Structures are given as C-alpha cells and as structure tokens.
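K.L.:
Supplied in structure tokens, the structure appears directly below.
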Amino acid sequence: MNSEKIKILIADDHPLFKAGVKQTLLQKKNYEIFEAEDGNEALNMIKKLEPEIAIIDLQMPGKTGLEILENLFELPNSTKVILLTMHKNVNYFYQAVSLGVKGYLLKETAVDELLIAVNLVSNGKVFISKRLEKQIEAEKKDRSETKLLIEAINSLTKTEKEIMKLVADWKSNHEIANLLFNSVRTIENHRANITDKLNLHGTHSLIKFAIENKELF
C-alpha cells in the first residue's frame, strides 16, 4: 500500500478562512498541507512543489485565481486547481473551465463540500458546487427540445460530438488531443467548426453550450 502523502496547497489571503480549510483537510491523514497568502506566492509554490492539488481563492492580491490558471495553462504542470469563490457569477466559472480548472467551490458551502471536491479531483474527476450547478440549470435557456437545436447538434460529426462530450467534462484542448490521439491544432479546428455549425457567439460560448446541453451529446 502506498502511504505517500498527497501534497495540497491552500492559497487564500483571509487567515481565518484559510485556517478553516486547513482544519477540514487535516481530517484526512494522507494530506500534506502547504499555505500561501497571495497569488504570486501561490504560483511560485506550485511551480516549485508541484502539489497534486492547489485550492486557490478566485480573488487575491498579487495574482487572481484566474491569472494563476492562465499561467499554469502554458506550463507542463500536473497540479489540479480547485477555485474557491464567494461569487455566483457563472461567467467566472466558464472562464475558469476554459483555463483548465478541475474544481469550482463556493465559499459558503466549502465546509460541506471541500473533502468531496478534493477526493473527486484527486481521482481525475471534476467538481462544481451544487448551488452553482443548480443556478446554471435554472439559467439554462429553454431550448433543448427545439427543432433548430436538435438539427444543429445532428449536423455535428461523430468526432465533433465526442469533442463536445469532452468539453462538457471540462477537458482542455491538450487533454482532448491526448485522448483522441490528435494534435492540439486539429482539436482547435474542430472546435471552430462546431462553433460555426451551432451558431455560437461570444467568449466561452462553446464551453457554456456544452455544459448546459451535455445530455444531448
């Protein structure tokens, strides 16, 4: 049995909240906890320590959680990021998914959901707070049964539908390319074709569409 501890970094500029997160994680004996007080320190520690998981506040001094994700996106780093936030703005969520986040946790429910999120993410899955998931479902446009939507989705090739399934599972272009044994450029071209076929417009529109309609692919 492998008893090696899982390295987890907590980055939050609110000492009391960070202490609460740490205390929750310490319920598990196989976690080795590291701490950072701002975004710059967090990014440097991720590069140096390469923890399995980094739990990062969305808004911090130095670098925000999204800026840290953007920096990591360009690096061959295996750290999986869980973002913590007070904001229920779904646009932040879609932006984070586009940058490779693996967990998205609302601070108001962090105590109840943190260990579940860490367990899922450490096992290669993704996690979104249930309250935000319900909000996304509530805001979803009532168009899933319209003829035009079904026709648009049916116009996608088998490969394009497979790519949309992976996008809905928060996979990045690099991850999709590896899974489908293709180049990143090929996946980017497929995504551009899908966007045109579905007549999608705006930043993160393809990710938003895939997550909202994942049951149709």
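K.L.:
When you scan the stretch 21-30, how many residues do you find that are farther than 17 Å from Leu58 by Cα and in contact (Cβ under 8 Å) with a residue 40 or more places away in the chain?
P.N.:
Result for the stretch 21-30: 4.
K.L.:
Might you let me know whether the stretch 73-80 holds any residue that is farther than 27 Å from Asn173 by Cβ and either part of a helix (DSSP H, G or I) or at pLDDT 90 or above (or both)?
P.N.:
So far as the stretch 73-80 goes, no, none of its residues is farther than 27 Å from Asn173 by Cβ and either part of a helix (DSSP H, G or I) or at pLDDT 90 or above (or both).
K.L.:
Residue under question is Thr195, and the condition is that it be in a helix (DSSP H, G or I), of a type in the set (Val, Ile, Thr) and free of Cβ contacts under 8 Å to residues at least 24 places away in the same chain; does it hold?
P.N.:
Here the answer is yes, as Thr195 does meet what is asked.
K.L.:
When you go through Asn173, Asn213 one by one, which is the residue that is polar (S, T, N, Q) and modelled with pLDDT under 85?
P.N.:
Asn213
K.L.:
If you don't mind, another one. Suppose we filter the stretch 120-130 for residues that are surrounded by fewer than 13 Cβ atoms within 10 Å (Cβ to Cβ) and either over 13 Å from the mean Cα position of the chain (by Cα) or of a type in the set (Phe, Trp, Tyr) (or both); how many remain?
P.N.:
Residues flagged as surrounded by fewer than 13 Cβ atoms within 10 Å (Cβ to Cβ) and either over 13 Å from the mean Cα position of the chain (by Cα) or of a type in the set (Phe, Trp, Tyr) (or both) within the stretch 120-130 amount to 1.
K.L.:
Another question, if that's okay. Out of Glu37, Glu4, Glu52, report the one residue that is acidic (Asp, Glu) and touching a strand residue (DSSP E or B) at 6+ places or on another chain (Cβ under 7 Å).
P.N.:
From the options Glu37, Glu4, Glu52, the qualifying one is Glu52.
K.L.:
For Asp38, state whether it is acidic (Asp, Glu) and either within 11 Å of the chain's Cα centre (by Cα) or under 22 Å from Gln135 (Cα atoms) (or both).
P.N.:
So Asp38 fails the test.
K.L.:
Filter the stretch 23-72 for residues that are farther than 14 Å from Ile8 by Cα, surrounded by 18 or more Cβ atoms within 10 Å (Cβ to Cβ) and touching a Lys or Arg at 6+ places or on another chain (Cβ under 8 Å) and give the result.
P.N.:
Gly39
K.L.:
Next up: Output the number of residues of the stretch 146-180 satisfying the condition of being within 22 Å of the chain's Cα centre (by Cα), part of a loop (DSSP other than H, G, I, E, B) and of a type in the set (A, V, I, L, M, F, W, C).
P.N.:
Matching residues across the stretch 146-180 total 1.
The values are calculated or read from the model by the stated rules, or taken from the named source; none is laboratory data. Predicted model, so just to flag it, every value in this text is computed and none were measured. Every residue, glycine among them, receives a Cβ derived from its backbone with ideal geometry; neighbour counts consider all protein chains shown.
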